[in-house]
1. Out of all the residues in the stretch A:87-95, is one or more away from every other protein chain (no Cβ under 11 Å) and either in contact with a His (Cβ under 8 Å, 6 or more places away or on another chain) or small (Gly, Ala, Ser) (or both)?
2. Give the residues of the stretch A:17-47 that are more than 10 Å from chain B (Cβ to nearest Cβ) and among the charged types (D, E, K, R), sorted by residue number.
3. Out of B:69, B:85, I need the residue that is free of Cβ contacts under 8 Å to residues at least 40 places away in the same chain, in a loop (DSSP other than H, G, I, E, B) and buried (at least 21 other Cβ atoms within 10 Å of the Cβ). Which one?
4. If you go through the stretch B:115-141 one residue at a time, how many are within 13 Å of residue B:49 (Cβ to Cβ) and over 15 Å from the mean Cα position of the chain (by Cα)?
5. Just to be sure, is residue A:136 buried (at least 17 other Cβ atoms within 10 Å of the Cβ) and within 14 Å of chain B (Cβ to nearest Cβ)?
6. Hey, could you check the stretch B:208-219 for residues that are touching a Lys or Arg at 6+ places or on another chain (Cβ under 8 Å) and buried (at least 20 other Cβ atoms within 10 Å of the Cβ) and say which is farthest from residue B:198 (Cα to Cα)?
7. With the checklist (1) β-branched (Val, Ile, Thr); (2) more than 14 Å from chain A (Cβ to nearest Cβ); (3) buried (at least 19 other Cβ atoms within 10 Å of the Cβ) in hand, flag the one item residue B:160 doesn't pass.
8. Can you name the condition, by its number, that residue A:121 falls short on among (1) under 22 Å from residue B:61 (Cβ atoms); (2) facing chain B (nearest Cβ under 10 Å)?
Amino acid sequence: MDADIKLFENGKRLDGRKPDELRKIKIEAGVLHRAEGSCYLEWGGNKVIAAVYGPREAIPRHTQNPLRAIVNAKYNMAAFSVDERKRPGPDRRSREISKVISEALENIILVEKYPRASIDVNIEVLNAEAGTRCAGLTAAAVALVDAGIPMRDIPVACAAGKIEDQVVLDLGKDEDNYGTADLPVAIAPRTGEILLLQMDGHLTLEEFDKALDLAIKGCHIISDIQKKAIMEKYQSVSEGK
Amino acid sequence: MPITPSIKRDYLSKLAENGKREDGRKFDEFRKIEIETGIVDKAEGSAKVKIGNTQVIAGIKMDIGEPYPDTPDEGAMSTAAELIPLASPDFESGPPRADAIELARVVDRGIRESGLIEVKKLCIESGEKVWIIFIDIHILDYDGNLFDAASLASLAALMTTNIPIDRAKATLERLKDKFPSIGQYLNDHPEDYKLPLTDPPVSCTSVKYNGVVVMDPSLDEEEIAEARLTVATDKNGDIRAMQKGLNGSFSTDEIKKVIKASIDNGKKIQEQLYKSVGK
């Protein structure tokens, strides 16, 4: 991108959004037949699908915990989901994302109900455009509800960041590449507990406060969309559609 | 045989004796097929195919690379299938297992050997630079007959593929210094253009259990199948590729019947395929 293109001008961002405006989000629960729970999510240009299997016996057995279930989230990007073809299979980046998402979900799932079991959450990124980990976690949460896994809350994630000295919600592709900071956050919306938090870039203390605030506000908006998607699925089931 | 498949086998066999299948289809009838193209913007071409509950996505990426020494003026292709754990409780992550490799190779062969892609038109600079096509197949939901779903998704994705001149422009300009005739290629192709293709061969898979042969097996039918046969046919009704799988056998008569049914079903699927890509 040319240096003279401004990411933020006249109170508007490159894609015309206001600083505190989310990209368009669409969530659909129960899209797969084999999985016990599933969810398809579109978030701006991101297209993500999540599926849940379990609780089932954890294999290999040495991974079992006699006191509780283990949560295995697997984040995987399709080879065709990015501009330059990605080599199939896990790399260091996707392993790290899988780990932080697993840990966030483990906090919220009532794992002590299922000793020695594993709950497997598979997140597939079909089209990637900044913020896939938030999209993945948000989709995974809906898939877990769809699978009937007992949880304390429905987790939700959203990022805030900084472009051109301006703190903004939900970074888009160019904002992520050329902005100065990115702060993905996942929360339990009922209690406000923070389940996932990462940051890269440069923020002052005040900017961080503002960004965190903004990200949490974003989470609450998305939380409503999640709940609507779940309601819609069960409404259509009960009406026999 | 484990206990569940043997119960299934009794049940399906009994149905078959009365000329029935578990989902009420005729022996030579496909499930409902849906084809949706252009679902992944980052890919040069993409398609999602549903056959009953089975769902497969294929995405095409293209890159500039070196040709094989024995075909210096032809583009190259590579096909990979991932049986990701999302699609079935029995799929595990990790390097592709034999069944994923067989699946990718059968799809690859159907496309490669049928001459679907006009590979000579993918040459940028003979012996030096050609387009390489990557076909990546993602199984989303596994409810039987991955062969046909994967091959159909790959065909639909290829038929909607645009060669990404715009994205590769910087690379091509740089290569122009070393290979001046690339300038001619850029003049002839100033912007993205459709991947040059001939007519697509459509594959139809049948399996045999307890003496009956059924088209488009469901997951249960696949689990108890003794033998499998995939036949790819073109719009003239000619045979373009075949693959027999599993340890059972077919009689010659059965093979002929399967081919006939594959031609009939193939014609219908061809029509649907053309319609779905807007032709």
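The values are calculated or read from the model by the stated rules, or taken from the named source; none is laboratory data. Just so you know, these numbers come straight off a predicted model, no measurement behind them. Note that we place each Cβ from the backbone using ideal geometry, even for glycine, and neighbour counts take in every protein chain shown.
1. Scanning the stretch A:87-95, I find no residue that is away from every other protein chain (no Cβ under 11 Å) and either in contact with a His (Cβ under 8 Å, 6 or more places away or on another chain) or small (Gly, Ala, Ser) (or both), so the answer is no.
2. Once the filter is applied, which keeps residues that are more than 10 Å from chain B (Cβ to nearest Cβ) and among the charged types (D, E, K, R), the stretch A:17-47 yields A:17, A:18, A:20, A:21, A:23, A:24, A:26, A:28, A:42.
3. Values: B:69 fails: buried (at least 21 other Cβ atoms within 10 Å of the Cβ).
Matching residue, one of B:69, B:85: B:85.
4. At the first step, the residues of the stretch B:115-141 found to be within 13 Å of residue B:49 (Cβ to Cβ) are B:137-141.
Pick out the ones that are also over 15 Å from the mean Cα position of the chain (by Cα) and you get B:141.
Going through the stretch B:115-141 one residue at a time, the tally reaches 1.
5. Numbers: buried (at least 17 other Cβ atoms within 10 Å of the Cβ): yes; within 14 Å of chain B (Cβ to nearest Cβ): yes.
For residue A:136, the condition - buried (at least 17 other Cβ atoms within 10 Å of the Cβ) and within 14 Å of chain B (Cβ to nearest Cβ) - is met.
6. Among them, the one singled out is B:209.
7. Status for residue B:160: all satisfied but (2).
8. Here residue A:121 meets the rest and fails (1).
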